[in-house]
Amino acid sequence: MAEKAMKKTLEPGPHLTPLPEGEEGAQRPVRVASTFAWRIVDFVVAGVFIYAGAIKVLDPVQFATDIDNYKILPWMISVGLAFYLPWLEILCGLALIVRRLYLGGLSILTGLVAVFLVATIAAKVRGLDITCGCFGHASQNWNFPTHLAVDLAILAGLLVLSFRVVSGNRLQNAV
């Protein structure tokens, strides 16, 4: 029975005929434009994290103070995170650009933004008026809705890129 099904699969038919030459060539410019657009999104999201990480690397004491202002972690852990997190952001941003460990970088950055959003909302609910420290002195005068909008936009970009990777792998595995 299995042998008969195998022979039927290998018989010539519409399932094995290649696309006409015109159709395959017509899809190529769309595919190239789509890939180019996705790479631009990669670069924008990566650039945000590389910039934010570089700003924090330049002033780790200020970043440690910004972390401590959330009143969630002890000071020593805030100091450790202030020296570690900026480099993690930079390396994950570079992973998005060079496409090495892409999914890992994307996952880590998505987790960092999600944790930061929860911490920011928790601080606001507790009545703390804090600056996030995300972009150094550039973001000090932003109000809470602006911080929230920027963070949600970054999270949306990360989730769109993640969805693209997951759906792209699903399509490749289906073929």
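Determine whether the stretch 97-110 contains at least one residue that is modelled with pLDDT under 80 and surrounded by fewer than 18 Cβ atoms within 10 Å (Cβ to Cβ). No; the residues of the stretch 97-110 include none that is modelled with pLDDT under 80 and surrounded by fewer than 18 Cβ atoms within 10 Å (Cβ to Cβ). When each of 55, 50 is tested for being crowded, with 16+ Cβ neighbours inside 10 Å, modelled with pLDDT under 95 and of a type in the set (A, V, I, L, M, F, W, C), the lone residue that passes is 55. Looking only at the stretch 128-145, decide whether some residue is of a type in the set (Ser, Thr, Tyr) and surrounded by 13 or more Cβ atoms within 10 Å (Cβ to Cβ). Yes, the stretch 128-145 contains a residue that is of a type in the set (Ser, Thr, Tyr) and surrounded by 13 or more Cβ atoms within 10 Å (Cβ to Cβ).
Taken together, 109, 85 contain a single residue that is under 17 Å from residue 51 (Cβ atoms) and in contact (Cβ under 8 Å) with a residue 40 or more places away in the chain, which is 109. Taking into account only those residues within the stretch 126-152 that are within 14 Å of residue 114 (Cβ to Cβ) and under 15 Å from the mean Cα position of the chain (by Cα), which is modelled with the lowest pLDDT? That would be 151.
The values are calculated or read from the model by the stated rules, or taken from the named source; none is laboratory data. Every value quoted in this text rests on a predicted model; they were computed, and no experiment measured them. Positions of Cβ are generated from backbone atoms using ideal geometry, with glycine treated the same way; all protein chains shown enter the neighbour counts.
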